[in-house]
Amino acid sequence: MPAISLSRFRLGVAAAAAFLAAAACGEDVNLPDPVFANEVDTATLFALHNTPIGEPSAYDIVNAVRVRTDRFDPFDFGLDMDPSGNAFVIPSTRLGVPSEAGILLSNQPFESIQSAPDDEYVTDDPVPVAQGVTFVGRSRGTTQACSLGSLPRYGKFHVLEVDAHARTMTLELLVDRNCGYRGLQPGLPTS
(Lines give C-alpha, C1' and ligand atoms only; values in the text may rest on other atoms or scores of the structure.)
Protein backbone atom coordinates (compact mmCIF):
# COMPACT_ATOMS: atom_id res chain seq x y z
CA MET A 1 0.00 0.00 0.00
CA PRO A 2 1.54 3.34 -1.01
CA ALA A 3 2.27 5.86 1.70
CA ILE A 4 0.23 9.06 1.78
CA SER A 5 1.85 12.31 2.72
CA LEU A 6 0.64 14.21 5.76
CA SER A 7 -0.24 17.25 3.62
CA ARG A 8 -2.42 15.16 1.29
CA PHE A 9 -4.09 13.57 4.28
CA ARG A 10 -4.85 17.00 5.78
CA LEU A 11 -6.15 18.24 2.41
CA GLY A 12 -8.47 15.22 2.20
CA VAL A 13 -9.72 15.76 5.76
CA ALA A 14 -10.33 19.47 5.02
CA ALA A 15 -12.25 18.65 1.83
CA ALA A 16 -14.38 16.08 3.66
CA ALA A 17 -15.07 18.58 6.45
CA ALA A 18 -16.13 21.23 3.92
CA PHE A 19 -18.44 18.74 2.20
CA LEU A 20 -20.02 17.69 5.51
CA ALA A 21 -20.42 21.32 6.58
CA ALA A 22 -22.20 22.17 3.32
CA ALA A 23 -24.44 19.12 3.69
CA ALA A 24 -25.23 20.04 7.31
CA CYS A 25 -26.27 23.53 6.20
CA GLY A 26 -28.80 22.03 3.80
CA GLU A 27 -26.82 22.71 0.63
CA ASP A 28 -26.59 19.92 -1.93
CA VAL A 29 -23.13 20.31 -3.38
CA ASN A 30 -24.00 17.92 -6.24
CA LEU A 31 -26.79 20.07 -7.70
CA PRO A 32 -26.11 21.95 -10.91
CA ASP A 33 -26.29 25.72 -10.68
CA PRO A 34 -29.92 26.92 -10.80
CA VAL A 35 -30.98 28.35 -14.15
CA PHE A 36 -34.52 29.57 -13.50
CA ALA A 37 -35.45 32.23 -10.94
CA ASN A 38 -38.59 31.37 -8.98
CA GLU A 39 -41.42 33.87 -9.48
CA VAL A 40 -44.92 34.18 -8.08
CA ASP A 41 -47.56 34.06 -10.82
CA THR A 42 -51.28 33.37 -11.24
CA ALA A 43 -53.14 30.96 -13.48
CA THR A 44 -56.77 30.10 -14.11
CA LEU A 45 -57.77 26.52 -14.91
CA PHE A 46 -61.09 25.30 -16.27
CA ALA A 47 -62.82 22.15 -15.07
CA LEU A 48 -62.22 19.03 -17.16
CA HIS A 49 -65.97 18.51 -17.63
CA ASN A 50 -68.67 20.91 -18.88
CA THR A 51 -66.29 23.64 -20.09
CA PRO A 52 -65.09 24.41 -23.64
CA ILE A 53 -62.54 21.82 -24.78
CA GLY A 54 -60.17 24.55 -25.95
CA GLU A 55 -59.63 25.92 -22.43
CA PRO A 56 -56.70 24.78 -20.24
CA SER A 57 -57.81 22.28 -17.60
CA ALA A 58 -54.43 21.02 -16.43
CA TYR A 59 -51.06 22.29 -15.22
CA ASP A 60 -47.56 21.25 -16.29
CA ILE A 61 -45.23 21.89 -13.33
CA VAL A 62 -42.09 21.03 -15.34
CA ASN A 63 -42.64 23.95 -17.73
CA ALA A 64 -44.80 26.06 -15.38
CA VAL A 65 -47.66 26.38 -17.89
CA ARG A 66 -51.38 25.68 -18.19
CA VAL A 67 -52.21 23.00 -20.76
CA ARG A 68 -55.15 21.69 -22.71
CA THR A 69 -55.75 18.01 -22.11
CA ASP A 70 -57.12 17.41 -25.63
CA ARG A 71 -53.70 18.03 -27.21
CA PHE A 72 -51.97 15.23 -25.29
CA ASP A 73 -49.44 17.68 -23.86
CA PRO A 74 -47.74 16.41 -20.70
CA PHE A 75 -49.24 17.64 -17.44
CA ASP A 76 -49.06 16.91 -13.72
CA PHE A 77 -52.52 17.68 -12.42
CA GLY A 78 -55.93 18.63 -13.70
CA LEU A 79 -58.93 20.44 -12.26
CA ASP A 80 -62.47 19.18 -12.12
CA MET A 81 -65.67 20.06 -10.29
CA ASP A 82 -68.66 18.05 -9.21
CA PRO A 83 -72.23 19.19 -10.07
CA SER A 84 -72.37 21.21 -6.83
CA GLY A 85 -69.27 23.22 -7.80
CA ASN A 86 -66.84 21.55 -5.39
CA ALA A 87 -63.33 21.65 -6.87
CA PHE A 88 -60.80 18.81 -7.03
CA VAL A 89 -57.16 18.77 -8.05
CA ILE A 90 -56.49 15.44 -9.75
CA PRO A 91 -52.98 13.98 -10.14
CA SER A 92 -52.23 12.95 -13.72
CA THR A 93 -51.97 9.25 -12.80
CA ARG A 94 -55.65 9.27 -11.80
CA LEU A 95 -56.40 10.69 -15.25
CA GLY A 96 -54.67 7.78 -16.99
CA VAL A 97 -51.25 9.36 -17.50
CA PRO A 98 -48.52 7.17 -15.96
CA SER A 99 -46.61 9.44 -13.62
CA GLU A 100 -45.36 9.98 -10.09
CA ALA A 101 -46.87 13.47 -10.00
CA GLY A 102 -48.65 14.22 -6.77
CA ILE A 103 -50.46 16.73 -4.58
CA LEU A 104 -49.83 17.48 -0.91
CA LEU A 105 -52.22 19.72 1.01
CA SER A 106 -50.50 22.18 3.35
CA ASN A 107 -51.70 23.88 6.50
CA GLN A 108 -49.08 26.63 6.03
CA PRO A 109 -49.83 29.94 4.32
CA PHE A 110 -48.50 30.21 0.75
CA GLU A 111 -45.77 32.71 1.70
CA SER A 112 -44.51 30.49 4.54
CA ILE A 113 -43.77 27.41 2.42
CA GLN A 114 -40.03 27.57 1.79
CA SER A 115 -39.27 24.10 0.49
CA ALA A 116 -41.16 21.15 -0.99
CA PRO A 117 -41.50 18.11 1.30
CA ASP A 118 -39.93 14.79 0.29
CA ASP A 119 -42.95 12.50 0.46
CA GLU A 120 -46.61 11.87 1.35
CA TYR A 121 -47.91 13.22 -1.97
CA VAL A 122 -51.31 11.94 -3.11
CA THR A 123 -50.71 10.36 -6.51
CA ASP A 124 -53.88 8.48 -7.38
CA ASP A 125 -56.92 10.19 -5.82
CA PRO A 126 -58.66 13.53 -6.40
CA VAL A 127 -57.78 16.07 -3.72
CA PRO A 128 -60.63 18.40 -2.69
CA VAL A 129 -59.69 22.09 -2.64
CA ALA A 130 -61.53 25.34 -1.97
CA GLN A 131 -60.77 29.04 -1.85
CA GLY A 132 -57.88 29.67 0.57
CA VAL A 133 -56.42 26.15 0.37
CA THR A 134 -52.68 25.81 -0.21
CA PHE A 135 -51.00 22.74 -1.68
CA VAL A 136 -47.60 21.62 -2.97
CA GLY A 137 -47.37 19.86 -6.31
CA ARG A 138 -44.72 17.39 -7.46
CA SER A 139 -44.27 16.88 -11.20
CA ARG A 140 -43.62 13.75 -13.15
CA GLY A 141 -39.93 12.83 -13.40
CA THR A 142 -38.13 14.50 -16.28
CA THR A 143 -34.63 14.77 -17.67
CA GLN A 144 -35.42 18.18 -19.18
CA ALA A 145 -32.53 20.56 -18.35
CA CYS A 146 -31.19 18.00 -15.89
CA SER A 147 -27.88 16.18 -16.03
CA LEU A 148 -28.72 14.28 -12.82
CA GLY A 149 -31.29 12.00 -14.46
CA SER A 150 -35.07 11.95 -14.28
CA LEU A 151 -36.16 14.15 -11.37
CA PRO A 152 -39.46 15.84 -10.48
CA ARG A 153 -39.96 19.59 -10.16
CA TYR A 154 -42.00 21.22 -7.38
CA GLY A 155 -44.42 24.09 -6.96
CA LYS A 156 -46.65 25.65 -4.34
CA PHE A 157 -50.21 26.69 -5.13
CA HIS A 158 -52.77 28.84 -3.32
CA VAL A 159 -56.41 28.71 -4.42
CA LEU A 160 -57.45 32.35 -4.81
CA GLU A 161 -60.92 31.68 -6.20
CA VAL A 162 -63.23 28.85 -7.19
CA ASP A 163 -65.97 30.02 -9.55
CA ALA A 164 -68.66 27.32 -9.66
CA HIS A 165 -70.65 29.18 -12.36
CA ALA A 166 -67.71 29.56 -14.77
CA ARG A 167 -66.26 26.23 -13.52
CA THR A 168 -62.81 27.74 -13.00
CA MET A 169 -60.17 27.91 -10.31
CA THR A 170 -57.64 30.74 -10.05
CA LEU A 171 -54.32 29.93 -8.42
CA GLU A 172 -51.45 31.94 -7.03
CA LEU A 173 -48.37 29.83 -7.68
CA LEU A 174 -44.60 29.55 -7.56
CA VAL A 175 -42.82 26.75 -9.40
CA ASP A 176 -39.15 25.76 -9.05
CA ARG A 177 -38.18 24.49 -12.50
CA ASN A 178 -34.55 23.81 -11.56
CA CYS A 179 -33.18 20.26 -11.66
CA GLY A 180 -33.06 18.73 -8.17
CA TYR A 181 -34.15 21.84 -6.30
CA ARG A 182 -37.07 22.04 -3.85
CA GLY A 183 -36.83 25.72 -2.98
CA LEU A 184 -40.19 27.49 -3.07
CA GLN A 185 -39.25 31.10 -2.41
CA PRO A 186 -38.83 33.88 -5.03
CA GLY A 187 -35.41 34.20 -6.66
CA LEU A 188 -32.73 31.63 -7.47
CA PRO A 189 -33.09 28.59 -5.18
CA THR A 190 -30.23 27.43 -2.98
CA SER A 191 -31.51 23.93 -2.23
Karplus couplings for segment 147-164 from phi (6.51 cos²θ - 1.76 cosθ + 1.60, θ = phi - 60°), rounded to Hz, Gly and Pro as x? 7, 8, x, 7, 10, x, 10, 10, x, 10, 9, 10, 6, 7, 7, 10, 10, 5
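Stretched out fully, how many nm does the piece from ASP124 to GLN108 gain, at 0.36 nm a residue minus the Cα gap? Intermediate results must be reported in sequence, preceding the final value.
On the way: separation 16, 0.36 × 16 = 5.76 nm, distance 2.31 nm.
Contour length minus the Cα-Cα distance gives 3.5 nm.
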Just to verify a number: FRET efficiency for VAL35 and GLU100, C-beta to C-beta distance, R0 = 25 Å, to 0.05? 0.65
Carbon and sulfur atoms account, in whole percent of the 1.4 Å probe accessible area of segment 105-183, for 45
Rounded to the nearest whole Å², what accessible area per residue is found for segment 69-126 with the 1.4 Å probe? 56
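Over the Cα atoms of segment 67-191, what is the Rg over Rh ratio if Rh follows Kirkwood? Kindly include the intermediate steps, with their values, before the conclusion.
Values: Rg = 14.4 Å, Rh = 15.0 Å.
Ratio of gyration radius to Kirkwood radius for segment 67-191: 0.96.
The values are calculated or read from the model by the stated rules, or taken from the named source; none is laboratory data. Since the structure is predicted, the reported quantities are computational estimates derived from the model, not experimental observations. Every residue, glycine among them, receives a Cβ derived from its backbone with ideal geometry; neighbour counts consider all protein chains shown. Areas reflect the complete protein model, heavy atoms only, side chains present, ligands, DNA and RNA absent. Shrake-Rupley method; radii C 1.70, N 1.55, O 1.52, S 1.80 Å.
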